[in-house]
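Below: one structure, written as structure tokens.
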Amino acid sequence: MWQDLFGSWWVSYDGINIGYYPAKIFNNFANPQIVGWGGVVATPNPPTGVSPPMGSGVFPDRKYEHSCYIRFAQYTNNLGIEDGPHGDSYEKIIDCPSHYSVKDPVYRGNLGYTFDFGGPGGICGN
């Protein structure tokens with residue numbers, strides 16, 4: 001993610017711009033206090049209350065061929081230095097831990113800060 005000369009923000013992947021956020025919709029992006037990464041699932045059939053699997057439906061086990069993962073989780077601070085989630089600089093939020101989970105981020109050299117997440121889904125609250 002990068003900011004252009006007009007204050008608008010762009011999301012790029014492999015050198016291709018894939019998202020655009022005009023400066024006028026942000027009022028605190030010049031000095032953000034929070035950066036987040038993660039995943040969300042939603043039930044296609046709300047009356048049943050059954051949430052779908054996240055990713056492959058497997059709880060995270062540090063074997064990235066099994067569960068969802070995010071690699072190169074990083075941000076650029078206001079000094080232009082790239083950093084990632086480490087130590088106690090992050091908070092895990094899991095709203096249904098019996099059906100979804102996330103592992104703490106790990107620095108993996110050529111993959112950067114990486115973490116895996118996912119789960120089988122089900123009826124949350126059970």
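The values are calculated or read from the model by the stated rules, or taken from the named source; none is laboratory data. Bear in mind the structure is a predicted one, so any value in this text is a computation, not a measurement. Using ideal geometry, Cβ is built from the backbone for each residue, glycine included, and neighbour counts are taken over all protein chains shown. Ligands, DNA and RNA are excluded from the accessible area calculation, which covers all protein heavy atoms including side chains. Shrake-Rupley method; radii C 1.70, N 1.55, O 1.52, S 1.80 Å.
In table form, for the structure just shown:
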| item | result |
| --- | --- |
| Near pairs, Cβ below 7 angstrom, 6+ apart or cross-chain, from segment 8-19 (under 16 Å from Q74 (Cβ atoms) and β-branched (V, I, T)) to any residue that is in a strand (DSSP E or B) and open to solvent by 100 Å² or more (accessible area, probe 1.4 Å) | V11/I18 |
| Test: residue in segment 58-69 that is open to solvent by less than 70 Å² (accessible area, probe 1.4 Å), among the small types (G, A, S) and at pLDDT below 85 | yes |
| Subset of segment 70-94 (residues that are open to solvent by 80 Å² or more (accessible area, probe 1.4 Å), touching a strand residue (DSSP E or B) at 6+ places or on another chain (Cβ under 9 Å) and among the β-branched types (V, I, T)) | T76, I93 |
| Pair list, Cβ < 9 Å and 6+ apart or interchain, from segment 99-126 residues that are under 17 Å from V41 (Cα atoms) and of a type in the set (V, I, T) to residues that are open to solvent by 20 Å² or more (accessible area, probe 1.4 Å) and assigned to a loop (DSSP other than H, G, I, E, B) | V102/G38; V102/G39; V102/K92; V102/I93; V102/I94; I123/G49; I123/H99 |
